[in-house]
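The values are calculated or read from the model by the stated rules, or taken from the named source; none is laboratory data. These figures come from a predicted structure and were not determined experimentally. Don't worry about glycine lacking a Cβ; one is built from the backbone with ideal geometry, like all the others, and counts go over all protein chains shown. Accessible surface is based on the protein model in full, side chains and every heavy atom, while ligands, DNA and RNA are left aside. Shrake-Rupley method; radii C 1.70, N 1.55, O 1.52, S 1.80 Å.
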Amino acid sequence: MVKEISSSIKDESLIVKRRAQLHKGAVTLFKQKGFHRATTREIAKAAGFSIGTLYEYIRKKEDVLFLVCDAIYDEVKARMEAVIDTDTTSESSLFQAVESYFQLMDELQDEVLILYQELKALPKDAQEYVLNKEKEMLRLFEIILENSYKDILTQDEITLISNNIFIQGQMWGFRRWVLQKEFSLEQYTQHQFSLLKNQLAHLTQTKQQGGV
């Protein structure tokens with residue numbers, strides 16, 4: 001999908017550099033005004049471009065939103081892969097994965113909020129592309145759970161628990177203005193992980209005793 005966003009510039013390194021500037025400027029602008037209210041001229045100014053330069057790297061306004069969404073998922077996935085060891089089977093590895101993901105959601109809360117608020121503005125094929133990137137990140141949690149609880153959890157349970165973790169991380173960003181009155185990020189992470197441990201312990205005990 002990224003390759004379908006044409007550019008009149010042939011220097012790939014310059015395209016990467018300029019689109020990174022575009023991403024940074026667009027996030028700030030979209031946070032202030034939203035995607036629909038922001039004009040292409042305002043997007044260009046926020047990125048430090050002239051309107052003519054902007055159109056050397058994109059063809060339409062929706063291309064900017066796609067590049068923002070794509071860059072967010074690429075950054076989150078890359079940073080998670082850098083700190084998560086999917087080959088280990090310990091409780092500590094699961095905690096490290098949860099903690100790292102929650103920290104990322106805290107650092108990138110503006111970007112994530114924009115992503116979910118404005119995703120519907122993308123064409124359907126672009127939405128599917130972006131959501132497939134989300135599935136790739138979700139897969140990291142599924143692998144850890146499969147490694148650690150493959151004889152305990154069904155695939156449906158692994159899928160649901162992974163999605164629960166995913167949403168809990170996003171909830172910190174979406175609801176932080178309320179949650180931070182009661183919890184620090186560290187406290188929030190510890191409480192959520194304790195609930196997860198209790199759930200996994202209950203499922204393990206029930207199945208070992210022959211329950212459903």
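Seen from Phe166, the other residues with C-beta closer than 11 Å to its C-beta sum to a net charge of 0, counting Lys and Arg as +1 and Asp and Glu as -1. Per-residue 3J(HN,Hα) values for the stretch 61-66, derived from phi via the Karplus relation 6.51 cos²θ - 1.76 cosθ + 1.60 with θ = phi - 60°, read 4, 4, 4, 5, 4, 4 Hz in sequence order (x marks Gly and Pro).
Over the stretch 1-116, what relative contact order in percent results from Cα pairs under 8 Å that are six or more residues apart? Show your work: numbers first, answer last.
On the way: 86 pairs, mean separation 33.2, N = 116.
Reported relative contact order: 29 percent.
With all projection directions averaged, the alpha carbon convex hull of the stretch 69-212 covers 9.2 nm². Between the listed residues His23, Leu138, Ala78, the Cα displaced farthest toward the positive end of the dipole of the stretch 1-157, a dipole computed from Cβ unit charges relative to the Cα centre, is found at His23. For the stretch 43-89, the Cβ-based charge dipole about the Cα centre amounts to some 420 debye (Lys, Arg positive; Asp, Glu negative; other atoms uncharged).
State, as an integer percentage, the relative contact order of the stretch 25-72 based on alpha-carbon contacts under 8 Å between residues 6 or more apart. Mind showing how you got there, number by number?
On the way: 28 pairs, mean separation 18.1, N = 48.
The value is 38 percent.
Specify which residue in the list Leu200, Gly173, Ile9 is farthest towards the positive end of the charge dipole of the chain, using unit charges on the beta carbon of Lys, Arg (+1) and Asp, Glu (-1), about the Cα centre. Projecting each Cα onto the dipole axis, the largest value belongs to Ile9.
Among the chymotrypsin sites (Phe, Trp or Tyr not before Pro) in the stretch 156-212, which ones are in a DSSP loop with at most 13 other Cβ atoms within 10 Å of the Cβ? Mind listing them? Write out the running numbers ahead of the final one.
Working: sites: Phe166, Trp172, Phe174, Trp177, Phe183, Tyr188, Phe193; in loops: Phe183.
Filter output for the stretch 156-212: empty list.
Rg and Dmax of the stretch 123-203, both derived from C-alpha coordinates alone, stand at 14.8, 43 Å.
Hey, got a sec? Which GluC sites (Glu not before Pro) in the stretch 126-212 land in a DSSP loop and have at most 15 other Cβ atoms within 10 Å? Walk me through the numbers before you get to the answer.
Details: sites: Glu128, Glu134, Glu136, Glu142, Glu146, Glu157, Glu182, Glu186; in loops: Glu182.
Here the sparse-neighbourhood loop sites are Glu182.
In summary, the aspartates and glutamates within cross-link reach of Lys61, defined as a Cα separation below 18 angstrom excluding same-chain residues under 8 places away, comprise Glu4, Glu42, Asp70, Glu111, Glu118, Asp125. Here the dipole of the chain is about 1040 debye; that uses its Cα centre as origin and unit charges on the Cβ of Lys and Arg (positive) and Asp and Glu (negative).
The convex hull built on the alpha-carbon positions of the stretch 1-154 has an orientation-averaged projected area of 10.2 nm². The apolar share of the surface of the stretch 1-146, taken as the fraction of accessible area on carbon and sulfur atoms (1.4 Å probe, ligands and nucleic acids excluded), comes to 50 percent.
Using the reciprocal of the averaged 1/r over all distinct C-alpha pairs, how large is the Kirkwood radius of the stretch 43-133 in Å?
Working: mean 1/r = 0.0663 Å⁻¹.
Radius from the Kirkwood sum: 15.1 Å.
Once the 1.4 Å probe is applied to the protein heavy atoms, the chain comes out at 55 Å² accessible per residue. FRET efficiency for the Thr28 to Thr88 pair, using the beta carbon distance and R₀ = 45 Å, is estimated at 0.75.
Comparing Val130, Val83, Val68 in a Gaussian network model of the chain where C-alpha atoms under 10 Å apart are linked, the largest mean-square fluctuation is found at Val83.
Kindly flag which residue pairs out of Lys60/Lys133; Lys150/Lys181; Lys133/Lys181; Lys135/Lys207; Lys31/Lys150; Lys124/Lys181 have an alpha-carbon separation exceeding 30 Å in this structure. Walk me through the intermediate numbers first.
Working: Lys60/Lys133 22 Å; Lys150/Lys181 38 Å; Lys133/Lys181 32 Å; Lys135/Lys207 28 Å; Lys31/Lys150 42 Å; Lys124/Lys181 38 Å.
Too far apart for the 30 Å limit: Lys150/Lys181; Lys133/Lys181; Lys31/Lys150; Lys124/Lys181.
Relative contact order for the stretch 68-205: 35 percent, from Cα pairs under 8 Å spaced at least 6 residues apart, divided by residue count.
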